[in-house]
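What follows is one structure encoded as structure tokens, with my remarks underneath.
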Amino acid sequence: MDTILVVNAGSSSVKFQVFGVDVNGALQRLIKGQIDGIGTKPRLVAEASDKSSLVNKPYAPDMIPDVPAAIAAVAGWLRETQTFNLVAVGHRVVHGGPEYDRPVAIDHAVVANLDRYVSLAPLHQPNNLAPIRTLLTARPELLQVACFDTAFHRGHSTIADHFAIPENLYAEGVRRYGFHGLSYEYVAERLREIAPARATGRVIVAHLGSGASMCALANGRSVESTMGFTALDGIPMGTRPGQLDPGVVLYLLTEKGMSPAALQDLLYRDSGLKGLSGISNDMRDLESNSDPKAAFAVDYFVYRVGLNAGMLAAALGGLDAFVFTAGIGENSATIRARIAEKLTWFGVAFDAAANAAGEPLISRPESRVALYVVPTDEELMIARHTLALLPKRSARGMAGERLAS
Ligand code: ADP
């Protein structure tokens, strides 16, 4: 069977999925796996579509010290244990800069362009590019597609795209990009299926995972995001602060003598829910902890999501639907209920029973603003984009799969 490999290379993990392309051109998820603990406690795990385990293998830290080594281990395992015809690889790439507003087939020129955006996303972009380079050398004939977290937001108005700083900085790329675009694109498509009338209106999607942001959609298109130049802005996250007065950064640099590296650690690894609670970056730990500091971190998170909902509704000129997605949004009925309470003034009539039962629609029929829970699937979105760029030869009868772009 023709297959597409989807690669999502992060700072300490490489996630991958294998999708089959059936004779009708429809995608089927075959394998889902990851190597995490790169450089510390590497472990390869993978499961089949029926959730049965395919591998669960630890490695010595020096065997998988970095992302390229992890990619080599995944590729080796796939080669040794699986027999399918790999026709393309789709990559999640965090930054497409001002240039890329859609997925792109990768060649050396594209890699050179994407290299320029390393300084815009120093923690993510090099790891995203590492497997691309490895495969470009090892399998130069193989189609590789870069799918960007920023691309879905590139249609923002110039006003939404700007910071109020001198224009030469905008010209060199210091802009409000927005991230989690693959998730929002997927959710926008699902909403069109679940609630077609609402999907054409004014919608806020809250992607609440360990990274978290919110997006304003008008007729399915992104018009505003809580994230900006980097994935630090907006609502608080597991370990990132969200919106922060830049004066705080100046204070830490000048008055506290913090080095840029220490500041980077503080902002990317030690802030957010972890920094506020001093207990954990994981919402599950905080919800089950009776320490008042855990409760405070949760209160803060809920408060800021509510605050940002007001901001995004202003960008949309009103609100027709609000959607929860990602780890917290999909799984925590308590946090959803608490955020819904903050949305009461919009005309939300919350359906507590539907929420507790894990229903997709969690507002009552009379609710002016409908509330939904829509599980996201960024990897499927990447596979769809990759399929769309496959030459027609391999993608027989592609009409069977709804294509995203
Ligand atoms: P990412 O993809 O950014 O790593 P996820 O979307 O997987 O993040 O979300 C991970 C977060 O979701 C976890 O850190 C945890 O806080 C939260 N989460 C997952 N399940 C639950 C749950 N049942 N209740 C509360 N929070 C949850």
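The values are calculated or read from the model by the stated rules, or taken from the named source; none is laboratory data. Bear in mind the structure is a predicted one, so any value in this text is a computation, not a measurement. Neighbour counts are summed over all protein chains in view; Cβ atoms, including those assigned to glycine, are modelled from backbone coordinates with ideal geometry.
A few comments on the model shown:
- Restricting attention to segment 218-244 and to residues that are touching a Leu at 6+ places or on another chain (Cβ under 8 Å) and assigned to a strand (DSSP E or B), the residue that is farthest from LYS274 (Cα to Cα) turns out to be ALA218.
- Selection count, segment 179-225, where residues are farther than 17 Å from ALA313 by Cα, hydrophobic (A, V, I, L, M, F, W, C) and within 16 Å of the ligand (Cβ to nearest atom): 5
- Under the condition of being charged (D, E, K, R) and either within 12 Å of GLY178 (Cα to Cα) or away from the ligand (no atom under 16 Å from the Cβ) (or both), the residues counted in segment 226-252 number 2.
- Residue selected from segment 141-173 under the condition of a type in the set (Gly, Ala, Ser), under 22 Å from the mean Cα position of the chain (by Cα) and in a helix (DSSP H, G or I), by the criterion nearest to TYR117 (Cα to Cα): ALA151
- Scoring ARG176 on the criteria (1) in a loop (DSSP other than H, G, I, E, B); (2) within 14 Å of the ligand (Cβ to nearest atom) leaves a single failure, condition (2).
- Long-range neighbours under 6 Å by Cβ, at least six apart or interchain, first residue more than 10 Å from THR376 (Cα to Cα) within segment 179-193, second aromatic (Phe, Trp, Tyr): GLY181/PHE152
- Subset of segment 298-330 [more than 16 Å from the ligand (Cβ to nearest atom) and either of a type in the set (Asp, Glu) or within 22 Å of LYS274 (Cβ to Cβ) (or both)]: TYR303, GLY306, LEU307, ASN308, ASP320
Residues are listed down the side, and each one gets a yes or a no for (1) out of contact with any helix residue (DSSP H, G or I) (no Cβ under 6 Å at 6 or more places or on another chain); (2) within 19 Å of VAL187 (Cα to Cα):
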| position | (1), (2) |
| --- | --- |
| LEU312 | yes, yes |
| LEU319 | no, yes |
| ALA326 | yes, yes |
| ASN331 | yes, yes |
| TRP345 | yes, no |
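- GLN34 in contact (Cβ under 8 Å) with a residue 12 or more places away in the chain, within 19 Å of the chain's Cα centre (by Cα) and under 24 Å from PRO122 (Cβ atoms): yes
- Restricting HIS108, HIS91 to those that are buried (at least 19 other Cβ atoms within 10 Å of the Cβ) and of a type outside the set (A, V, I, L, M) reduces the list to HIS91.
- In segment 272-307, the residues that are surrounded by fewer than 16 Cβ atoms within 10 Å (Cβ to Cβ) and part of a helix (DSSP H, G or I): ARG284, ASP285, GLU287, PRO292, LYS293, ALA295, PHE296, ASP299, TYR303, LEU307
- Qualifying helices (runs of 4 or more DSSP H) (wholly inside segment 314-394; at least 2 residues being over 30 Å from ALA146 (Cβ atoms)): 333-342, 352-356
- Considering segment 194-228, the residues that are out of contact with any strand residue (DSSP E or B) (no Cβ under 7 Å at 6 or more places or on another chain) and in contact (Cβ under 8 Å) with a residue 24 or more places away in the chain include one that is surrounded by the most Cβ atoms within 10 Å (Cβ to Cβ), namely ALA212.
- Within segment 273-297, residues that are at pLDDT 95 or above and within 8 Å of the ligand (Cβ to nearest atom) sit with their Cβ atoms under 9 Å from residues that are acidic (Asp, Glu) and not in a helix (DSSP H, G or I), at 6+ positions apart or across chains, in these pairs: LEU273/ASP282.
- Output for segment 308-326, where each listed residue is buried (at least 21 other Cβ atoms within 10 Å of the Cβ) and small (Gly, Ala, Ser): ALA309, ALA321, ALA326
- Residues in segment 8-31 that are under 18 Å from the mean Cα position of the chain (by Cα) and either at pLDDT 95 or above or farther than 27 Å from PRO126 by Cα (or both): PHE16, GLN17.
- The number of residues in segment 59-74 that are in contact (Cβ under 8 Å) with a residue 40 or more places away in the chain and more than 14 Å from ASP36 (Cβ to Cβ) comes to 2.
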